[in-house]
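The values are calculated or read from the model by the stated rules, or taken from the named source; none is laboratory data. Only a predicted model underlies this, so the values are computations on that prediction, with no experimental measurement involved. Here the Cβ positions follow ideal geometry from the backbone for every residue, glycine too, while neighbour counts run over all protein chains shown.
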Amino acid sequence: MSEPTKETIEAEKQKVIRSLEEDDEFEDFQAEDWQDAQAMGAESEHALWVEDWDDNDVDDNFSKELKQELAKVAASK
Amino acid sequence: MNLFNETGDLLRALNRFAENKDNWAVKPLIAVTKLLISRAVEADNYMLNNPNEFNAKAVGDFEVERCLTKAARIIHNSFKLCLNDRNEDDQLTRRKYTYFFVAHELKIYYKLQNRDLAKNMEKVLVSLKRNLPDLMNIEKSHAVTYLYYSGIIFCGDGDFITAYKKFKLAYQLCNKKDDKHAEAILLYLIPLKFVVTRQYPDFAKFAKRLSVYSIYKALFESVVSGDLSKFDKEFDELEIFFLKKNLYFAIETMRQYVILKLIKRIHLITGSPLHLSIRALTAGFEVSLYHNDTRNVTNFSSDETECLMANLIYEGHIKGYLSHSNGVCVLSKKDPFPKQVRADL
């Protein structure tokens, strides 16, 4: 699957907000109970996260501006 | 309105009926409780839209007592009926269903935005926990509903660790096929996971199946880049939504990690391993805060920079000290920015 574009994310965001703002955002369950094997379980929760985000460097407009500005400060010393 | 009153009477009658029965008699109470809440919501909406049709009973001078409040009182009797059952048999005791009624009372208090009553309920539970069945041994829909609403209360109260544990367990118990409830839980689990353990949502995985991540995408991207203006813009836009959901505090807590990341990046760029000049930091903050601002205001002072640094040092996110007279922050030789990711709880 390709990366979703900015626009689709924005549209999706508005949709999620609408649906979670409804009066009954946590509606009653269809079934009262289910088997342990049918539950998400610890592993499926564990798989949703990453730990190495802090090491990633980013290269966007903001980064360029930041570097330029800091270079100016260094030069004016 | 009449429908609501009749349902209320029915639940009251069933409460009396179940008094000396085993827990089979609680099943109809559960069904009627769900019905009562949805009818109370309808009746409240109707009264709101047709205020002149009823000579509603006044509470105090101004407010009209809402049907949801009445419903909570009746449901509270069902709760006590289950809680106080002395039956020793684990299979037959009504205590098994206590959490269902707790969950639905909490749901009502959340809808009414009544934090005091909700917290009282939690206190009662803590004091009685020994007598209640383990959450893993009751019907999963009851456990998940209880954990969800209880988590919301703790999240709004700033007790992120307790809230996090509740949402995590709720997610684990949730049915694999049930995306709707999973998304509602993840709305809380994503920011709480980050605030408590600094683990970052794997957006590629979320994008395949769930859409709730879209709310957080921009906020989390700014945590990685240190872009305060992006964070603040997004936070402003969603502020009211977060307030309604008791998430405001949790998201606000994320902001200091954007600042921290920004400082780390400035540290990398300026190249000096042991010093961070306050001037460079201030310039960096200005870029981060205002680079999207067309009005071209830049009024961030070096005092503010020192204040932010002092806070982060105090919280243990940076090791070092501020030297005001030299205009630098002196960093510890060893591990100036301690690792953020925590062991899971």
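What to note about this one:
- Of residues in region B:88-113 being surrounded by fewer than 16 Cβ atoms within 10 Å (Cβ to Cβ) and either touching a helix residue (DSSP H, G or I) at 6+ places or on another chain (Cβ under 7 Å) or modelled with pLDDT of 90 or more (or both), the one farthest from B:LYS244 (Cα to Cα): B:LEU92
Okay, residues lined up against (1) over 19 Å from B:ARG265 (Cβ atoms); (2) more than 18 Å from the chain's Cα centre (by Cα); (3) within 7 Å of chain B (Cβ to nearest Cβ); (4) part of a helix (DSSP H, G or I):
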| position | (1), (2), (3), (4) |
| --- | --- |
| A:LEU20 | yes, no, yes, yes |
| A:GLU25 | yes, yes, yes, no |
| A:TRP34 | yes, yes, yes, no |
| A:ASP57 | no, no, no, no |
| A:PHE62 | no, yes, yes, yes |
| A:GLU65 | no, yes, yes, yes |
| A:GLN68 | no, yes, no, yes |
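- Among residues of region B:232-251 that are farther than 19 Å from B:PHE154 by Cα, those with a beta-carbon under 6 Å from a residue that is in a helix (DSSP H, G or I) at least six positions away or on a different chain give the pairs B:GLU234/B:ALA218; B:GLU234/B:LEU219.
- Scanning region B:123-157 for residues that are surrounded by 13 or more Cβ atoms within 10 Å (Cβ to Cβ) and not in a helix (DSSP H, G or I) yields B:LEU132, B:PRO133, B:ILE138, B:GLU139, B:ASP157.
- Only one entry of B:ALA71, B:ALA103 meets the criterion of being hydrophobic (A, V, I, L, M, F, W, C) and within 16 Å of B:LYS166 (Cα to Cα), and that entry is B:ALA103.
- Per the conditions (1) farther than 27 Å from B:GLY320 by Cα; (2) more than 9 Å from every other protein chain (Cβ to nearest Cβ), the sole criterion not satisfied by B:SER214 is (2).
- Residue within region B:234-253 that is of a type in the set (Asp, Glu) and facing chain A (nearest Cβ under 9 Å) present: no
- Restricting attention to region B:1-52, the residues being of a type in the set (D, E, K, R), in contact (Cβ under 8 Å) with a residue 60 or more places away in the chain and in a helix (DSSP H, G or I) number 2.
- Any chance A:VAL16 is closer than 30 Å to B:HIS291 by Cβ and in a loop (DSSP other than H, G, I, E, B): no
- Only one entry of B:ASN87, B:ASN120, B:ASN77 meets the criterion of being on the phi < 0 side of the Ramachandran plot and not in a helix (DSSP H, G or I), and that entry is B:ASN87.
- Identity of the residue in region B:160-178, within 12 Å of another protein chain (Cβ to nearest Cβ) and hydroxyl-bearing (Ser, Thr, Tyr), that ends up nearest to the chain's Cα centre (by Cα): B:TYR164
- Restricting the first member to region B:281-308 and to residues that are in the same structural domain as B:LEU260 (by TED's automatic domain parsing), and the second to residues that are modelled with pLDDT under 90 and of a type in the set (Val, Ile, Thr), the beta-carbon pairs closer than 6 Å and six or more apart or on different chains are B:ALA283/A:VAL73; B:GLU286/B:THR298; B:TYR290/B:THR298.
- Looking across region B:254-287, the residues that are away from every other protein chain (no Cβ under 11 Å) and surrounded by fewer than 18 Cβ atoms within 10 Å (Cβ to Cβ) come down to B:ARG255, B:GLN256, B:PRO273, B:LEU274, B:HIS275.
- Residues of region B:10-66 satisfying the condition of being among the charged types (D, E, K, R), farther than 23 Å from B:LYS80 by Cβ and modelled with pLDDT of 85 or more: B:GLU42, B:ASP44
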